[in-house]
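Working notes, beginning with the structure itself.
Please treat every number below as a calculation from the coordinates, not as lab data. Model, not experiment: these values are computed from the prediction. Positions of Cβ are backbone-derived with ideal geometry, glycine not excepted, and every protein chain shown enters the neighbour counts.
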Amino acid sequence: MTGNIDLKQIERKAWTSFYQDGLWEFALGLAMMIIWIDMITQDRLEWLMPLAMFAVPLSIYLIKRFVVIPRVGYVKFGGERRARNFKAVAVLVVSVLIGIAMAFAAGGMIPDFHKWLGDNWIPIFFLFKALIIFSLLAWLMDYPPLYYSGTVFALGLGLGSLFNSHLIFLSSWLLILIPGIYMFVRFLMKYPLPTEEAAQ
Amino acid sequence: MSGAAREGSIPGPLPDIDRLVHEPARFAILAHLYVVEKADFTFLLNQTGLTRGNLSSHMSKLEEAGYIEVEKRFVARKPLTVLKLSEMGRKAFVDYRQQMQQVLEELPQGASEG
């Protein structure tokens, strides 16, 4: 045995095996799908949106808790990873707050907001905001697939709103969700559920 | 020890190498526990690629030596075995790496490399 091993590589492999389950892609793809459904039903299901926005993260949490962790095993990462994760959560919270503030402002809370900013600038703002946030999250979480899904999400959200095109929304959630399903199936095949004895 | 045996012995810190850490499977377990705070049996099983029996037996040896701390509990009526590197285990792992690096650095160049 040699002491000359790459501990960083071991840690990174452990990290990626715990997170490459496609759940981030599920979350983003489903969020985009909800916006698309809202668009094609012409706001008839608008009441369902807050419920869906609550149900998606809850479902992701439950899948992680009851499907992913029993297969891949439980692990608590070191301080450095936890600090980066904490920063990622902070970035996400700030991003959601900015998004909500913008939505309220554009929704009429600030009079003449559209006129002041210009209609086209709102989707462009959301495009760049999502692009910056997801790139930051991908970097903080050391999760490269998020660069792809975050970019598709940002482009879908920005361009879909700009051109008012449900086709752009449709293609973007499909482009995110299909790789997510592939990653999830690959994860399930790689990590079958261990027997009760194996967990001891 | 005879003079001939002494002459043939490897110089440097190799005789001091911790045999418990030196075994590849145990080294893999310690390396994985070194980079995380704690992990359960299933996680180590997946990461190290060891069989259940192998991991279990090496886990017992490391626990006996005081290199790891093992916590057994039930979560939702299912057994959960969580492993953590002890301070002693951490020190043993760091010492082992340093010693091995020193041994490798002190090795003379091979004939083919000269």
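Observations, loosely collected:
- Each of A:Tyr147, A:Tyr182 has some number of other Cβ atoms within 10 Å of its Cβ, and from fewest to most they run A:Tyr182, A:Tyr147.
- Under a Gaussian network description of chain A, with springs only between Cα atoms under 10 Å, the residue in A:Leu170, A:Leu162, A:Leu51 that fluctuates furthest is A:Leu51.
- Calculated [222 nm] ellipticity per residue, helices only, for the protein assembly as shown: -21500 deg cm²/dmol; basis is -39500 (n - 2.57) per DSSP H run with n ≥ 4, divided by all residues, nearest 500.
- Spin-label model, A:Ala83 to A:Leu193: label points 7 Å out along the Cα-to-beta-carbon direction sit 3.9 nm apart.
- Helices meeting the span-like rule in chain A (full DSSP H runs, Cα extent of at least 24 Å along the helix axis, mean Kyte-Doolittle score of 0.5 or higher): A:23-40, A:79-104, A:121-140, A:145-162, A:166-190.
- When only Cα pairs below 8 angstrom with a gap of at least 6 residues are kept, segment B:43-114 shows a relative contact order of 19 percent.
- Contact order relative to length of chain A, as percent, for alpha carbon pairs under 8 angstrom and 6 or more apart: 36 percent
- Partner lysines for A:Lys8 [C-alpha distance under 22 Å; skip if fewer than 8 residues away on the same chain]: A:Lys76, A:Lys87, B:Lys38, B:Lys84, B:Lys91
- Estimated inter-spin distance, B:Glu105 and B:Arg77, nm [label 7 Å along Cα→Cβ]: 5.7 nm
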